[in-house]
Amino acid sequence: MEARTWNIIQLGVGFMLLFAGFNTQNFVEQTVLNSVAEDTGRVDEHAGYYSLAIVYGCLTVGNLVAAPIIAVIGAKVAMIVGSLTYVLFLLSFLYVDSWSLYLVSAINGLGGALLWTGQGNYMTLNSDDFTAGRNSGIVWAIYQLCLVSGGTFLFIVFQFTDKHFDQSTIRILYSVFAVLGALGVLTFVFLRQPPKQESSSQKEQKHDHVKNILATFKLMFSKDMMILSVMFMYSGIELTFWSGIYSTSLAFTNKLAEVAGNNMLAYNAVAIGLGQILGGTIFGVFGERTNKFGRYPIVLLGCVTHLLCFALIFINIPTQAAIHKTDEISIISPSIPLALLCSALLGFGDSCWNTQIYSMLATFYKKQSSEGFAVMKFFNCLSACAAFFYGSKIELRYQLGILAVGALLAFVCFFGVERKNNVARVQSKFSTSSEVPIVKALY
């Protein structure tokens, strides 16, 4: 196997192990902390939302300085340091109180900036224009196995507990999550350097911190990036929705809990994971076949999938369930099969968006990969932070409305930038003016 392909697979495995702990706990964090609030009063009943809002808020700030730090320490070291903060966050749940929770949430957010920007830089260094789409899909498919394995683990644990999380159950859950995270850190330790030599200009740039920071801001305020920021912010809002708000809404819908109990959270995690893996496999492993049609159809598919999903959730889940436990119904009585279908659609649609975002950044911003991914994560985390704050304040129907408008705007913005860059790239291959109008017509 080619060295760069092996690096990509190992990168995906590292993220799968790390987030088998972190992403799985996202599905139960609000419910767990709600139980802690009821038992001890040491945290607010909505502490889960506030904690994740702090994580993504600090991620937003951290992304502004992640690129110059990575230019000095490298992507591998950045991912090791960043992943350690995720393990620290998981260990904090062995004894929970408000101050420690919010402090480690802030540390986790700053470390996450290094982790995710480092991932984008490392993936870019192991990709070219022809493998960027495939590699992003491979990483995404392997990474999202964490949801299936995590959901399966939750299902097993929930066979021995009721709807309420007691302290012993919480310690078991988060001890396992932390061990999985530590295995992810170890995987990053053994990552190999990409088989590619740096140019002299790149080596010089490593030591020019001010120049690197200014380059990040310059790229952020470029015309294309400002347009793409709409798509990046949508990806943050929908990430918040499927990773936290939707699972909490399922847990707070009493008519579902009466039938499935906490198992509903496990089923939801597995269904989202299967949708993510399906999308990552189709657009990654079989990328050479699907990518020949370009990124437009894939992103359009993601947009349509999410719009359909939002409509079904509106029909199925009571609007108050995002805020508190409720016996209400929506248009129809809550259905477990329909809820899980929506989970799978959320995961599949998310994979459509994110594989193409990563592929596009790795292709169009290859020479500024750290800055490009840092800017993407800045807008992504900024919107995620806002969404976690309003997630506990406004009804589900309004959140679905925000998501639907965001999906439409994101697709329009993506289409405009992708079309412009494709035209520019194709035109650069032609040397005679007579061929240029033909190229324009193709787009």
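The values are calculated or read from the model by the stated rules, or taken from the named source; none is laboratory data. Everything quoted here is computed from the prediction, not taken from an experiment. So basically every Cβ, Gly included, is an ideal-geometry build from the backbone, and we count neighbours across all protein chains shown. SASA here: full protein model, heavy atoms, side chains in, ligands and nucleic acids out. Shrake-Rupley method; radii C 1.70, N 1.55, O 1.52, S 1.80 Å.
Observations on the structure shown:
- Gained length - Phe217 relative to Glu38, 0.36 nm times residue gap less alpha-carbon distance: 60.0 nm
- Cα gyration tensor, region 102-170 - rounded (a/c under 1.5), prolate or oblate: oblate
- FRET efficiency estimate (nearest 0.05) - Cβ-Cβ, Asp224 to Phe130, R0 22 angstrom: 0.50
- As a calculated quantity, the FRET efficiency between Ala311 and Lys393 at R0 = 22 Å, using C-beta atoms, amounts to about 0.45.
- Mean-position separation - Cα centroids, region 386-418 and region 27-86, in angstrom: 22
- Tyr296 versus Lys325: modelled label distance in nm, points set 7 Å from Cα along the beta carbon direction: 5.1
- Estimated from helices alone, the mean residue ellipticity of the chain at 222 nm is -26000 deg cm²/dmol (sum of -39500 (n - 2.57) over DSSP H runs with n ≥ 4, per residue).
- Relative to the Cα centre, the charge distribution of the chain, modelled as +1 at Lys and Arg Cβ and -1 at Asp and Glu Cβ, gives a dipole magnitude of about 1520 debye.
- Simple spin-label estimate for Glu2 and Lys420 gives 3.1 nm between the two label positions (7 Å along the Cα-to-Cβ direction from each Cα).
- Surface per residue (accessible, 1.4 Å probe) for region 78-132, Å²: 33
- Residue (of Leu154, Val72, Leu250) at the positive-pole extreme of the chain, dipole from beta-carbon charges: Val72
- Unit charges at the beta carbon, dipole of region 57-205: most positive-side option, Trp99, His164, Ala113: Ala113
- Sequence-separation-based contact order of region 62-172, relative, with Cα cut under 8 Å and 6+ spacing, percent: 31
- Shape of region 252-379, Cα gyration tensor, a/c cut at 1.5: prolate
- According to the calculation over all Cα-Cα pairs in region 320-393, the P(r) per 5 Å bin from zero is 3, 12, 13, 16, 17, 13, 10, 7, 5, 3, 0 %.
- Radius, Kirkwood style, for the chain when every pair of distinct Cα atoms is counted (Å): 22.0
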